[in-house]
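Let me begin by presenting the structure, written as structure tokens, before commenting on it.
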Amino acid sequence: MAVQMTAYKVGVDSGWVIEPAPGRRAWMDATPDKFAYRCLPLVMANQAGWVVRSPLSFVATWDGSVRPEGLKIRFTEDAGACANQVSSHFGSGIVTFSLPWLFRTSKGVGLWVRGPANEPRDNLVALDGIVETDWAPYTFTMNWRVMRRGEAFFKAGDAVCMLVPMMMELAEDVVPQIREIDDNPVLKEDFTHFVAKRSGNIQKLKEGGGGTWAMDYMRGHLPDGTEVREHRKAFRLRGFEAGE
């Protein structure tokens, strides 16, 4: 099923960028031997949506108060027509990005608007929102909260927002349950094999031996070596194209 997502320009978009989220992160590149990339769930989450990048560099300074004027925005370059798109609107140390688009999606599909996955920022936390973009003729903002008194920074090109499409009814259609692993003998056998293999490898590493990384999940293999054909190692998202 093809899902449409259209970004209608409703404001100045000079300097703004919207693109498929990359799988790489600077802090992951800096881990020894880039071992963070051996965690496939981490890499998949990195790229499971589209990121919006800031058009401006600025410093946000918060005095700890709840007043909107308690947070000051100082641009480190000429903000031009984008100056009013980064502001202290809500108070309580919240930095607000007013995106220059109104988004519409296919019926039944909304957007989970969140901070970029696995990309932490000093003294800032992203505030998530879920928007019914399949019917709402309204724009939304992306907000970050400064966590303590002092300064927080954004540079032009930093990811400020991640857009993740979601079926609005999916969560309510899920039927959660808790079962004993003995109720599923095949799953228990596979899990027991996995635990034994992992425990033995960890023990070798502790003893300074030549333990190896368990890569069955990364490769998409069951414990007996069977290949899972439906296994994914990456998302391949389309970029936004300009309409005629």
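The values are calculated or read from the model by the stated rules, or taken from the named source; none is laboratory data. The structure presented is a predicted model; accordingly, all values stated were derived computationally and were not measured. In this analysis, Cβ positions are derived from the backbone assuming ideal geometry, glycine residues included, and neighbour counts consider all displayed protein chains.
The table that follows gives values for the structure above.
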| item | result |
| --- | --- |
| Unique residue being under 21 Å from the mean Cα position of the chain (by Cα) and among the charged types (D, E, K, R) when the list is D33, D63, D78, D122 | D122 |
| Enumeration of residues in the range 1-30 that are exposed (fewer than 13 other Cβ atoms within 10 Å of the Cβ), under 20 Å from the mean Cα position of the chain (by Cα) and among the aliphatic types (A, V, I, L, M) | V3, A26, A30 |
| Matching entry among N201, N143 (being over 30 Å from M1 (Cβ atoms), out of contact with any His (no Cβ under 6 Å at 6 or more places or on another chain) and at pLDDT below 95) | N201 |
| Single unsatisfied condition, T76 versus (1) closer than 23 Å to N118 by Cα; (2) in contact with a Leu (Cβ under 9 Å, 6 or more places away or on another chain); (3) β-branched (V, I, T) | (1) |
| Tabulated pairs, the range 141-162, first assigned by TED's automatic domain parsing to the domain that holds I73 and at positive phi, second surrounded by fewer than 21 Cβ atoms within 10 Å (Cβ to Cβ) and modelled with pLDDT of 95 or more, C-beta under 6 angstrom, 6+ apart or interchain | G157/R53 |
